[in-house]
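Notes to accompany the following structure.
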Amino acid sequence: MDPLSAGPLVPAVKSDLNKPPPAATPSADNFSSEPFMSEPDKDFLCPICMQIIKDAFLTACGHSFCYMCIITHLRNKSDCPCCGHYLTSNQLFPNFLLDKLLKKTSACQVSKTASPVEHFRLSLQKGCDVTIKEVDSLLFLLADKKRKMEQEEAERNMQILLDFLHCLRKQKVEELKEVQTDLQFIKEDISAVDKHRMELYRARDRYSVKLRMLDESGSRKSWQSPMDKTSSGHISSPLNMRGAFSSGSLPKKLDGKGQVSSHGTQRKEAISGSDSQFLNQSSLALIKKKRVHAQFNDLQECYLQKRRHLAEKPHSQQEKDKNVIKREGYAPGLSEFQSVLTTFTQYSRLRVIAEVRHGDLFHSANIVSSIEFDRDDELFATAGVSRRIKVFDFSTVVNEPSDAHCPVVEMSTRSKLSCLSWNKYAKNHIASSDYEGIVTVWDVTTRQSIMEYEEHEKRAWSVDFSRTDPSMLVSGSDDCKVKVWCTRQEASVLNIDMKANICCVKYNPGSGNYIAVGSADHHIHYYDLRNISRPLHDFNGHRKAVSYVKFLSNNELASASTDSTLRLWDVKENIPVRTFKGHTNEKNFVGLTVNNDYIACGSETNEVFVYHKEISKPVTWHRFGSLDIEDAEDEAGSYFISAVCWKSDSPTILTANSQGTIKVLVLAA
């Protein structure tokens with residue numbers, strides 16, 4: 001039959017067909033030595049241990065075994081392991097022929113695998129006769145071989161060194177090009193900034209000239225008015241032409257001098273005031289410079305990143321990009337960095353403007369788990385383990401100092417509360433999640449619950465209203481489930497089953513289709529609710545549970561973890577942006593809040609930390625508790641910050657700690 005008719009052949013099989021025909025049959029000498037050169041035959045293996053037989057012994061039934069193997073077998077049984085015939089130790093006989101064959105086989109295998117040096121050593125050990133001339137010849141060959149090996153080794157080492165130097169040169173050339181490009185950026189930007197600075201100086205000088213002219217014209221008027229009054233007095237009082245004139249004119253002149261001196265005093269006061277203002281501005285500028293130098297490395301990285309990134313973009317794309325800050329005369333990226341530098345140096349401390357204390361200060365049930373502003377930032381609500389939602393009027397708290405502010409609304413719940421979320425459309429609606437897994441929507445006006453959802457099987461840690469659809473909200477729980485709810489329905493709309501506990505959930509502010517989920521598996525899962533079979537992306541980087549997620553914008557997501565770090569992510573490009581370190585968070589929920597360029601969080605040292613989103617180290621921080629250092633250190637170990645919340649588009653931040661103290665802080669220069 002034609003071999004092609006059997007179907008296609010496997011390529012490996014086809015290659016075997018091209019092998020040359022086998023060599024001629026070996027001679028008798030070759031044939032006799034071939035078995036010993038190949039792998040041991042199975043006849044040389046002990047049937048019991050399946051290894052090459054050692055100390056071969058033959059049984060009465062004709063089978064060979066290792067001596068120790070067959071003796072051990074006969075201690076337990078009295079039969080042959082191969083054929084089952086009755087067998088005792090008296091029926092065992094040494095197999096000298098097999099031992100001889102095995103030794104020869106072993107010697108052949110050793111000689112086959114041994115190196116020439118080993119062969120020579122074995123020959124010398126066996127007493128092989130070697131003349132001095134042959135030894136000299138061997139020594140010469142060995143010395144020559146050693147020289148060649150040393151030369152080859154040296155060449156290899158030189159080649160490795162050369163390859164390393166070439167790689168290093170290539171890397172340094174690339175770094176040099178990058179540095180030269182950066183230097184060109186810096187040179188261009190220095191020129192642009194210096195030009196703009198000179199324009200500002202000229203504008204200031206023009207403004208000063210105008211002020212001086214106005215000042216001089218005012219002085220002239222002040223000189224002319226007494227003279228007018230004097231001349232008019234002379235005309236209207238002819239009876240005083242003699243004594244009355246002299247006596248009346250003198251006070252007039254004195255009045256004029258008084259006006260001039262008072263005007264001079266005013267100018268001196270103005271000058272001294274401007275001097276003090278200049279001193280204040282110069283000291284403030286010095287403080288800002290110190291702040292810049294303290295964070296110089298981070299600022300340098302920020303500047304270069306923005307300049308390089310935008311310089312690589314085509315001009316047409318830069319024009320389309322709405323997020324790019326444009327300024328006449330400035331290169332792409334410089335305006336953005338100036339904005340970062342301005343906001344970063346704008347504030348240096350947190351100042352307390354109000355404080356609220358309520359409840360028993362020494363009771364653990366005062367922990368505030370969540371604090372949130374309403375839609376218009378007029379009211380703020382607190383919730384925690386006290387099983388109460390308290391709503392305060394913000395302006396009253398700030399403007400009316402009091403030891404204990406009373407809430408305008410207070411609502412009791414059955415269980416401890418973990419999270420609050422105001423509806424951004426319906427001002428009077430607020431959602432809560434509690435330790436029993438119940439998600440409740442409240443009407444603050446009537447102080448009654450509108451909807452209660454009890455599908456979670458364990459504690460619900462987080463709840464969030466959608467910013468784009470006021471009827472939708474999402475929650476996450478220890479039952480490893482994320483549930484999406486609609487206030488018009490009694491049951492959940494969507495259910496996402498996950499593998500680990502859910503610590504936090506958050507809607508993307510630009511779309512009700514996307515949510516971020518922080519989990520105890522150390523990851524952030526970013527979902528499109530239109531397809532929940534798998535997340536759009538998993539953000540990895542935290543080393544412990546992700547306790548909070550918050551959106552700075554539609555594309556920027558901040559996260560907090562019990563690994564004592566905050567992280568910033570780009571959910572559009574699915575990349576990590578920056579890691580923030582400075583606070584301490586290893587076990588508790590300490591709060592996270594974002595506001596334009598700033599991120600704030602609590603710490604287990606009873607402090608509030610504020611970060612700029614472009615700088616990895618804290619901008620400033622504030623410690624709760626006593627002003628006394630020893631007392632403050634004791635309190636730092638006992639209490640922790642438990643909730644924080646920015647006031648929208650404002651440097652004001654609400655903070656609360658595990659002692660039940662609420663402070664209103666504001667960023668200050």
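The values are calculated or read from the model by the stated rules, or taken from the named source; none is laboratory data. Note that the structure is a prediction, hence the values are computed from the model and not measured. No Cβ is skipped: glycine too gets one built from the backbone with ideal geometry, and neighbour counts run over all protein chains shown. Calculation scope for accessible area: heavy atoms of the full protein, side chains included, ligands and nucleic acids excluded. Shrake-Rupley method; radii C 1.70, N 1.55, O 1.52, S 1.80 Å.
For the reader, a short list of remarks on this structure follows.
- Meets criteria (of a type in the set (Phe, Trp, Tyr) and surrounded by 13 or more Cβ atoms within 10 Å (Cβ to Cβ)) for Phe57: yes
- Entirely in segment 488-542, the strands (runs of 3 or more DSSP E) that have 2 or more residues that are closer than 26 Å to Glu454 by Cβ: 494-497, 502-507, 514-519, 524-528
- Leading residue by the ranking (least open to solvent (accessible area, probe 1.4 Å)) among those in segment 63-111 that are outside any helix (DSSP H, G or I) and of a type in the set (Gly, Ala, Ser): Ser64
- Cross-chain or 6+ apart pairs with Cβ under 6 Å, segment 544-568 first and in contact (Cβ under 8 Å) with a residue 40 or more places away in the chain, then in a loop (DSSP other than H, G, I, E, B) and of a type in the set (Phe, Trp, Tyr): Ser547/Phe589
- A single entry from Val179, Val117, Val173 fulfils the requirement of being under 59 Å from the mean Cα position of the chain (by Cα), of a type in the set (A, V, I, L, M, F, W, C) and open to solvent by 70 Å² or more (accessible area, probe 1.4 Å): Val179.
- Those strands (runs of 3 or more DSSP E) lying entirely in segment 370-471 with at least 1 residues surrounded by 19 or more Cβ atoms within 10 Å (Cβ to Cβ) and of a type in the set (S, T, N, Q): 379-384, 417-422, 429-434, 439-443, 460-465
- Out of Asn540, Asn585, sole residue that is farther than 17 Å from Val484 by Cβ, over 14 Å from the mean Cα position of the chain (by Cα) and of a type in the set (S, T, N, Q): Asn585
- Verdict on Arg623 being modelled with pLDDT of 95 or more and open to solvent by 40 Å² or more (accessible area, probe 1.4 Å): no
- So Ile353, is it touching a Gly at 6+ places or on another chain (Cβ under 6 Å) and open to solvent by 40 Å² or more (accessible area, probe 1.4 Å): no
- Any hit, segment 493-506, residues being closer than 19 Å to Gly591 by Cα and over 20 Å from the mean Cα position of the chain (by Cα): yes
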